[in-house]
Each structure stands twice: as C-alpha cells, then as structure tokens.
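First the structure, in the form of structure tokens, and then the observations on it.
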Amino acid sequence: MTDVVIVGAGLAGLVCAADLSRAGFECVVLEASDGIGGRVRTDVIDGFTLDRGFQIVLAAYPQVRRRLDLDALALGKFAPGAVVRTANGMYRVADPRRRPRQLPEDVKWPVASAADKLRAVRLVLDVCLHSAPDLLRRPDMSTAARLRRAGFSDAFITAFWRPLFAGIQLDPELEVSARRFEVVLRTLALGATGLPRGGLQAFSEQLVRAVPAGVIRLGAPASAVRPGAVTLAGGEEIAARAVVVATDAPAAHRLLGDRVPDPGSRPAACCWFAVAAPPVRGPHLILDGEGDGPALNVVVMSEVQPTYAPAGRALIAAAVPGAGALGARLQERVREQLQRWFGGAATDFEPLRTDMISHGQPDQRPPLHPRQRVHLGEGVFVCGDHRDTASQQGAMFSGERAAAAVVRHLRGPSRS
C-alpha cells in the first residue's frame, strides 16, 4: 500500500510526483520504458546528440520558467524568426521587435507583400497584448481559418505560416485549434527558443531531481487500472489511496477506456544526418517555403547548440510532420531534398537515424477545451498534454493540476 501510484514518468508524471512528494505523500511511479521523460528523451550516437524527434525548449512557457534552471540548461538559442527556402533562394524573416536591423532585408522578401508583413506584426502584437488564458477563451476555429481571417495571402501562408506551425503543431494542413496557435505564437514572441547543452533529456533530468530517490520503477508497464490499485504486466498489484494515469492519450485510453477518449494522434518524423561542415551558418530554423518537402523544417543543430556534434562535424535535423512522417523511403527522400537545397552528393549526408513517431502529439482540432477534468472519480486521476495543450507547458501544467486534485482528495475538504 502506498498513498499514490502514478503510471508514466513523462513530463506530466514527473511534475505530479514532485508536487505530491513535496506535499508529504508517498508515491510510486511506474514507467514502462527504460528511462524517464516519455517523448522528451535523448540518445548519443557516435558522438552526436539525437533527441527522439525534433524538439526545442520554449523558454517563455510559465512551467519552464517555474520548474527549470534555464542557466543550467545552457540553451543554445535560435535566432528570432526563420529562414525561408524558396526557388529563388533563401530569405531571412526576423522578428522586427527583437531584430530591427534585419527589417530592410525582410522588406525585400518577394513572397510576402507589404500588407502581409504589416498583418504579421499586428498579429504578433495582438497575441502579446493578451494573456494566454484570454487567448484560450477566444472563439475557436482552425489555424488556417484564423490566418485567413487576419487577411494573409495564400502565398504567405504557404511559404511561412504553414511550414513554421506544421513543425510546432505537427499540422501541415493547419487544422489545429487557433486558440493553441495563438498561445504558441505568443510564447515564441515573448521568449527565446533553444536546445539544452545535454539535449532535451536534460529537461527531464532536471524535473526528476525534485522526485525522491527510489520512487520511480523503470521497465514496469501497467496492464490495468482500477480504483485503489494498479496491476503490472507481470501480474503484480500495487494498492494505493489514489491512482494517477500520466501517460500519452492512446495509453490513457487503453487503461481507462471511455472515461478518457482518444483524441487521435499527430505523427512526426525526424531524419538525422551527419555532415563534414555546416551547409549554412547560423542558428536558424529553415522553412520549406515551396512545400515540396517532405521535410518542412531543417536545422543545422550544431549551429544552434555546438555540443550536438563532435568536433569537426555538423548535425542536421530534418523534421517531417503529419501523415508524411510514416511514408515509405522517407530517409532517402529527405536526403534527396537536402541535396536539392544545399547541393553536393548523397554521400555528403550520412544518415544517423530516422525517428518515426506515430504519436507525436494529440490531435487538437477546434474547439480546444483546455483544463479538462483530471479527477475521474473514486480516486482515479488522469493527466498529460491531452488534458490541456499539446505542449511541454500543457503536460507539466496538467501534472500540476492532477497533483493538486489528489491532495484535495486525500486530505479532504477540511484540510485542503
């Protein structure tokens, strides 16, 4: 018997366990895999740091600022804005608020009219002047409909907004909730984005420091959940006063059934290549402005964070969001794309690994309803990015909400 059993040691589960332990409750965390972090994990292959899928840290997320030591993460930071690759060359689009000297070059970009550029400034100012809770209460629609409502031309949406948010929301068709789009845009505008010195795994490793030693059991998949107990795949049962399912949406649905509907999955892939020298210099996110893909976002990771590659080498990440992530010959097709972009022979791009992730994020089409209930009754709780926004912020915030609900449940109304 323990106070709380938490199923899953991803971001939501780690935050939930930390908060409950801090409140004085005994916890057991069951993790099916061989490590913590859920989808936020990192491997080192031949001296290269490879995250499991293309991921970045958004420093302006409230939970990131509250729970992580950003100085210790030693973020290598992306340049504000992006580089857009078109048939006529590469054009840099900077944030004029943070890079005003870049404005003359931005004005020359042929894909965006002066009206598009003005509308982009207005949209960014609008989301920055409103709080995230206010944005999440706005009338909802798809991201595509929100951009059309703002007056952007189809050419600008295709060349800039689509590849940028396809990578963030795993949404090449811009179907995802405009509420979520505006919150993410606000976060991008208000803070830095970057890569930790030790890869995204450093994110999870900081969170686990707030969890007492011996609480987490790895290689312990749960097969069944009921009020008061969790059964492991080997038949062992752990009794508890409360049970928290802190897994991704498909796993939560398998364990909890119709009490937690599966919203569907947005897949993603990332092809990792080693090269002798960076094909472009600078910490830039490069967007596929032509839409011929399959990779819509390309980054020379070692230009953003030098620790991602050994000395004398460079690391390229090519992100493929959406259904195309699970297509045949993906690595070969991405390598052909990199040749078109940067020139050289196929042998110049040495494949290291291709991550094909069937569940990259929960599908959050409109209407988006954040703050979904975390207490399902009878001492069974649920948390994860599918209960709030599909993001690092959403996962951690959901874990925090679940922990607070467990405390209220176990202490009772008079002590909460």
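The values are calculated or read from the model by the stated rules, or taken from the named source; none is laboratory data. Only a predicted model underlies this, so the values are computations on that prediction, with no experimental measurement involved. Cβ: placed from backbone, ideal geometry, glycine included. Neighbour counts: every protein chain shown.
Computed values, structure above
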item	result
Unique residue being surrounded by fewer than 17 Cβ atoms within 10 Å (Cβ to Cβ) and on the phi > 0 side of the Ramachandran plot when the list is Gly384, Gly377	Gly377
Flag for Ala159 being assigned to a helix (DSSP H, G or I) and crowded, with 23+ Cβ neighbours inside 10 Å	yes
Filter result (under 14 Å from Pro163 (Cβ atoms) and part of a strand (DSSP E or B)) within segment 312-336	Ala318, Ala319, Val320, Pro321
Residue that is surrounded by the fewest Cβ atoms within 10 Å (Cβ to Cβ), among those in segment 221-243 that are under 20 Å from Gly399 (Cα atoms) and hydrophobic (A, V, I, L, M, F, W, C)	Ala229
All positions within segment 27-85 that are assigned to a loop (DSSP other than H, G, I, E, B), of a type in the set (A, V, I, L, M, F, W, C) and modelled with pLDDT of 95 or more	Ala32, Ile36, Val40, Phe54, Ile56, Ala59, Ala60, Leu68, Ala74, Leu75, Phe78
Strands (runs of 3 or more DSSP E) within segment 260-311 that include 2 or more residues farther than 22 Å from Arg85 by Cα and modelled with pLDDT of 95 or more	265-275
Enumeration of residues in segment 182-207 that are surrounded by fewer than 19 Cβ atoms within 10 Å (Cβ to Cβ) and hydrophobic (A, V, I, L, M, F, W, C)	Ala189, Leu190, Ala192
Segment 247-259 residues that are touching a residue at least 24 places away in the same chain (Cβ under 8 Å), paired with ones that are assigned to a helix (DSSP H, G or I) (beta carbon under 8 Å, 6 or more apart)	Thr247/Gly13; Thr247/Leu255
Checking Tyr91 against (1) outside any loop (DSSP other than H, G, I, E, B); (2) aromatic (Phe, Trp, Tyr); (3) assigned by TED's automatic domain parsing to the domain that holds Pro212, the condition it does not meet	(3)
Sole exception among (1) surrounded by 17 or more Cβ atoms within 10 Å (Cβ to Cβ); (2) in a loop (DSSP other than H, G, I, E, B) for Gly344, by number	(1)
Sole exception among (1) surrounded by fewer than 17 Cβ atoms within 10 Å (Cβ to Cβ); (2) at pLDDT below 95 for Asp95, by number	(1)
Where a residue in segment 357-386 is more than 16 Å from Leu11 (Cα to Cα) and its partner, wherever it lies, is aromatic (Phe, Trp, Tyr), with Cβ under 8 Å and at least six apart	His375/Phe381
Single residue of Arg138, Arg146, Arg122 found to be surrounded by 16 or more Cβ atoms within 10 Å (Cβ to Cβ) and free of Cβ contacts under 8 Å to residues at least 60 places away in the same chain	Arg146
Elements of type helices (runs of 4 or more DSSP H) in segment 98-148, at least 2 residues being modelled with pLDDT under 75 and not small (Gly, Ala, Ser)	103-107
